[in-house]
Amino acid sequence: MTGLMAPPIEIENIGGGLADEVHERSGASPMRCYQCAKCSSGCPVADGADRKPHELVRMVQTDQRQAVLTSRFIWACTSCHTCTTRCPQQVDIAGMIDALREMSRRAAAAAPATAVPVFNEIFLDAVRERGRIFELGLMLGFKLRTRRLFEDVDKAPMMLLKGKLPLSSPRVAGKDERDALFGRAAATTLEAGAATTPAPPAATTPAPPADGGSK
Amino acid sequence: MTYTFFPGCSLDGAAKDYHRSTLAVAAKLGLELPELKDWICCGSTAAHSTDPLLADALPAKSLSAAGGSTVAVACAACYSRLKTANHHIAQDAALRARVAHVVGRDYDGRTPVLHLLEILGRDIGLARVAAAIRRPLAGLKVACYYGCLLVRPPEVTNFDDPENPTLMDQLLQTAGAEPLAWPHKTECCGASFSITDSSVVLELGKRILDMAQAAGADCISTACPLCQLNLDMRQKDMERRFGRRYRLPVFYFTQLLGLAMGCRPDELSLDSLVVGPGELLAAKGIGR
């Protein structure tokens, strides 16, 4: 019987911190989840990941910040939105995961095995620089950064042969304008993040003796 | 009929064949698609997994330049990002103000965005599409594959039934083909994991191709550059890794419609397909 159940989860706290912060950042309401696991049934990557979506939601509900922000699952998610679409409680799980990715990256806690944040960074740098994505440049940049030079070596010649990999790169005018746009977006998000981020973690401030809930 | 076209980055790169076949079909239907001037990348998954404000600002910058005219999109990922930004901005005044600050001009989130499937299937309509058919795709069994981002989340895209969409099926049926009932129309292909971890795409693509094959498909029809690329370019790798034999051509739906409307194979860039469709089309007597 126990083999069918999700692994036990250490409960530090119910609700509060992480669930509120996720809600503030993404509008998703993880506290509404009643663990039916319909999200995990339809998730294309749940069976190969360290957590399933409904387990991740539970960990957010129980405020397990460290385990959530270092979870490989948040980077294994393909953003297919099957979970969000099927959730009977309208929990926007995909939106929650986007918020967790952002928080994980800011806390420099991203799971070490994932190359996704590096890819995202190269992708967005290219958008800022050129306005559009030049696929050959994107692939080369990613390979150099992750030192995966020999992966998929057959694909570039195949794509060239099929006319699917133009060698000239697009460039849209207005780079200064884009630099300013990216700068303002980062500054505004940082400001909003500072307003929602809770005070320093409990470890750095002694817990008041009256707080019988903490161990 | 005229729509402002937002082609997106892939249509000038790996999906040039989608671009070309879209314009060929548009010409047959009297559909004009002038390109939005100086459009920029929608930000794709990279933006929405990094910074929600940037993810709304990039589409807002392009959409605000469309002057309110309806924007036509071919790529499912662009479609999703443009519609998501509209959804957010139109219903949240505070967010609208933040986006206006970031972009440098106000945008109300109300520029209509339509996918080509919606324009062909609903605005132009099946009757006019039927009238343009010259060489019906008789006997061609097609698995219409929609992927994730056209249909989900439905309150954002409002595209079709999110579990069993039929818009592409209806168009291809109008073109004389036999669209199949099959359960993997909206399963995920792994998307940009094609670059970051291709083993994900091989596993998810295998599930889709297995199901299409089991349903008796001759070929697959797609409406998204990444879906097409993953199922076509990596099909041989899937065959090798999992000991399968598919040989399933993966078309853009515009290529199939174009064939039925009498376009030449080169107008549709059929030779860009990695799994060559020549044998299949010859066997069915299509395209001659």
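Being of a type in the set (Val, Ile, Thr) and away from chain A (no Cβ under 14 Å) is true for just one of B:Thr186, B:Thr254. Which residue is that? Even if it seems obvious, please write down each step before you answer.
On the way: B:Thr186 fails: away from chain A (no Cβ under 14 Å).
Exactly one residue qualifies, and that residue is B:Thr254.
Output the number of residues of region A:111-121 satisfying the condition of being surrounded by fewer than 21 Cβ atoms within 10 Å (Cβ to Cβ) and either more than 10 Å from every other protein chain (Cβ to nearest Cβ) or not acidic (Asp, Glu) (or both).
Going residue by residue through region A:111-121, those that are surrounded by fewer than 21 Cβ atoms within 10 Å (Cβ to Cβ) are A:111-115, A:117-118, A:121.
Those still in the list that are either more than 10 Å from every other protein chain (Cβ to nearest Cβ) or not acidic (Asp, Glu) (or both) too: A:111-115, A:117-118.
Summing the residues that are surrounded by fewer than 21 Cβ atoms within 10 Å (Cβ to Cβ) and either more than 10 Å from every other protein chain (Cβ to nearest Cβ) or not acidic (Asp, Glu) (or both) in region A:111-121 gives 7.
Is region A:125-145 home to any residue that is facing chain B (nearest Cβ under 9 Å) and surrounded by fewer than 16 Cβ atoms within 10 Å (Cβ to Cβ)?
Scanning region A:125-145 turns up no residue that is facing chain B (nearest Cβ under 9 Å) and surrounded by fewer than 16 Cβ atoms within 10 Å (Cβ to Cβ).
Test B:His87 against the stated conditions and say whether it is modelled with pLDDT of 95 or more, in contact with a helix residue (DSSP H, G or I) (Cβ under 8 Å, 6 or more places away or on another chain), facing another protein chain (nearest Cβ under 8 Å) and farther than 23 Å from B:Leu257 by Cβ. Spell out the reasoning first.
On the way: modelled with pLDDT of 95 or more: yes; in contact with a helix residue (DSSP H, G or I) (Cβ under 8 Å, 6 or more places away or on another chain): yes; facing another protein chain (nearest Cβ under 8 Å): no; farther than 23 Å from B:Leu257 by Cβ: yes.
No: the conditions fail for B:His87.
Name the single residue that is surrounded by the most Cβ atoms within 10 Å (Cβ to Cβ) among those in region A:99-110 being in contact with a Leu (Cβ under 7 Å, 6 or more places away or on another chain) and in a helix (DSSP H, G or I). Give the steps one after another, and end with the answer.
Step one: filter region A:99-110 for residues in contact with a Leu (Cβ under 7 Å, 6 or more places away or on another chain), giving A:100, A:103-104, A:107, A:109.
In the following step, the residues that additionally are in a helix (DSSP H, G or I) were identified as A:100, A:103-104.
Details: A:Leu100: 28, A:Met103: 20, A:Ser104: 22.
Going through the qualifying residues, I end up with A:Leu100.
Does B:Leu36 qualify as being surrounded by fewer than 24 Cβ atoms within 10 Å (Cβ to Cβ), more than 8 Å from chain A (Cβ to nearest Cβ), touching a residue at least 24 places away in the same chain (Cβ under 8 Å) and among the aliphatic types (A, V, I, L, M)? Before the answer, list the steps.
Working: surrounded by fewer than 24 Cβ atoms within 10 Å (Cβ to Cβ): yes; more than 8 Å from chain A (Cβ to nearest Cβ): yes; touching a residue at least 24 places away in the same chain (Cβ under 8 Å): yes; among the aliphatic types (A, V, I, L, M): yes.
Against the criterion (surrounded by fewer than 24 Cβ atoms within 10 Å (Cβ to Cβ), more than 8 Å from chain A (Cβ to nearest Cβ), touching a residue at least 24 places away in the same chain (Cβ under 8 Å) and among the aliphatic types (A, V, I, L, M)), B:Leu36 qualifies.
Can you tell me which residues in region A:148-181 are within 25 Å of B:Tyr18 (Cβ to Cβ), within 7 Å of chain B (Cβ to nearest Cβ) and small (Gly, Ala, Ser)?
Correct list: A:Gly163 only.
Looking only at region B:1-36, count how many residues are touching a Lys or Arg at 6+ places or on another chain (Cβ under 8 Å), under 28 Å from B:Asn230 (Cα atoms) and assigned to a helix (DSSP H, G or I). So that I can check it myself, show each step before the final result.
First, pick out the residues of region B:1-36 that are touching a Lys or Arg at 6+ places or on another chain (Cβ under 8 Å): B:9, B:12-17, B:29.
Subsequent filtering for residues that are under 28 Å from B:Asn230 (Cα atoms) retains B:9, B:12-17.
Filter once more, keeping what is assigned to a helix (DSSP H, G or I): B:9, B:12, B:16-17.
Looking only at that region, the number is 4.
In this structure, is B:Ala94 within 20 Å of A:Asp92 (Cβ to Cβ), out of contact with any Lys or Arg (no Cβ under 9 Å at 6 or more places or on another chain) and crowded, with 24+ Cβ neighbours inside 10 Å? Break it down stepwise before answering.
Numbers: within 20 Å of A:Asp92 (Cβ to Cβ): yes; out of contact with any Lys or Arg (no Cβ under 9 Å at 6 or more places or on another chain): yes; crowded, with 24+ Cβ neighbours inside 10 Å: no.
It is false that B:Ala94 is within 20 Å of A:Asp92 (Cβ to Cβ), out of contact with any Lys or Arg (no Cβ under 9 Å at 6 or more places or on another chain) and crowded, with 24+ Cβ neighbours inside 10 Å.
With the checklist (1) within 14 Å of chain B (Cβ to nearest Cβ); (2) farther than 24 Å from B:Glu187 by Cα in hand, flag the one item A:Arg101 doesn't pass.
Just one mismatch for A:Arg101, condition (2).
I'd like to check something: does region B:173-185 contain any residue that is touching a residue at least 60 places away in the same chain (Cβ under 8 Å), of a type in the set (Ser, Thr, Tyr) and either under 23 Å from A:Ser40 (Cβ atoms) or assigned by TED's automatic domain parsing to the domain that holds B:Ala217 (or both)?
Residues of region B:173-185 touching a residue at least 60 places away in the same chain (Cβ under 8 Å): B:175-177.
With the extra rule that they be of a type in the set (Ser, Thr, Tyr), the set shrinks to none.
Looking for residues that are touching a residue at least 60 places away in the same chain (Cβ under 8 Å), of a type in the set (Ser, Thr, Tyr) and either under 23 Å from A:Ser40 (Cβ atoms) or assigned by TED's automatic domain parsing to the domain that holds B:Ala217 (or both), one finds none in region B:173-185, hence no.
All but one of (1) over 17 Å from the mean Cα position of the chain (by Cα); (2) buried (at least 21 other Cβ atoms within 10 Å of the Cβ); (3) part of a loop (DSSP other than H, G, I, E, B) hold for B:Gly139; state the number of the condition that does not hold.
Answer for B:Gly139: the failing condition is (2).
Pull out all pairs, ordered by first then second residue, where Cβ-Cβ is under 8 Å, the residues are six or more apart or on different chains, the first lies in region A:76-89 and is under 15 Å from B:Cys189 (Cβ atoms) and in the same structural domain as A:Arg51 (by TED's automatic domain parsing), and the second is at pLDDT 95 or above and among the charged types (D, E, K, R).
A:Ser79/A:Asp98; A:Cys80/B:Arg152; A:His81/B:Arg152; A:Thr82/B:Arg152
Kindly list, by first and then second residue, each pair from a residue in region B:188-211 that is at pLDDT 95 or above and buried (at least 24 other Cβ atoms within 10 Å of the Cβ) to a residue that is among the aromatic types (Phe, Trp, Tyr) and part of a helix (DSSP H, G or I), limited to pairs with Cβ atoms under 7 Å and residues at least 6 apart or on different chains.
B:Val201/B:Phe193
A quick yes/no check of all residues on (1) away from chain B (no Cβ under 14 Å); (2) closer than 21 Å to B:Arg207 by Cβ; (3) part of a loop (DSSP other than H, G, I, E, B); (4) not hydrophobic (A, V, I, L, M, F, W, C):
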position	(1), (2), (3), (4)
A:Pro44	no, yes, yes, yes
A:Val60	yes, no, no, no
A:Ser79	no, yes, yes, yes
A:Thr84	no, yes, no, yes
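Answer yes or no as to whether B:Gly147 is more than 9 Å from every other protein chain (Cβ to nearest Cβ) and in contact (Cβ under 8 Å) with a residue 24 or more places away in the chain.
Details: more than 9 Å from every other protein chain (Cβ to nearest Cβ): no; in contact (Cβ under 8 Å) with a residue 24 or more places away in the chain: yes.
Against the criterion (more than 9 Å from every other protein chain (Cβ to nearest Cβ) and in contact (Cβ under 8 Å) with a residue 24 or more places away in the chain), B:Gly147 does not qualify.
Looking only at region A:21-39, filter to residues that are more than 14 Å from chain B (Cβ to nearest Cβ) and part of a helix (DSSP H, G or I); which one of those is nearest to the chain's Cα centre (by Cα)?
Of everything passing the filter in region A:21-39, A:Pro30 is nearest to the chain's Cα centre (by Cα).
For region B:260-280, give me each residue that is closer than 19 Å to B:Glu178 by Cβ, touching a strand residue (DSSP E or B) at 6+ places or on another chain (Cβ under 9 Å) and not in a loop (DSSP other than H, G, I, E, B). Lay out the reasoning, then the answer.
Residues of region B:260-280 that are closer than 19 Å to B:Glu178 by Cβ, as a first pass: B:260-261, B:277, B:279-280.
Pick out the ones that are also touching a strand residue (DSSP E or B) at 6+ places or on another chain (Cβ under 9 Å) and you get B:277, B:280.
Of everything in region B:260-280, just one residue is closer than 19 Å to B:Glu178 by Cβ, touching a strand residue (DSSP E or B) at 6+ places or on another chain (Cβ under 9 Å) and not in a loop (DSSP other than H, G, I, E, B), namely B:Leu280.
The values are calculated or read from the model by the stated rules, or taken from the named source; none is laboratory data. Since this is a predicted model, take the numbers as computed values, not measurements. Virtual Cβ from ideal backbone geometry, glycine too; neighbours counted across all protein chains shown.
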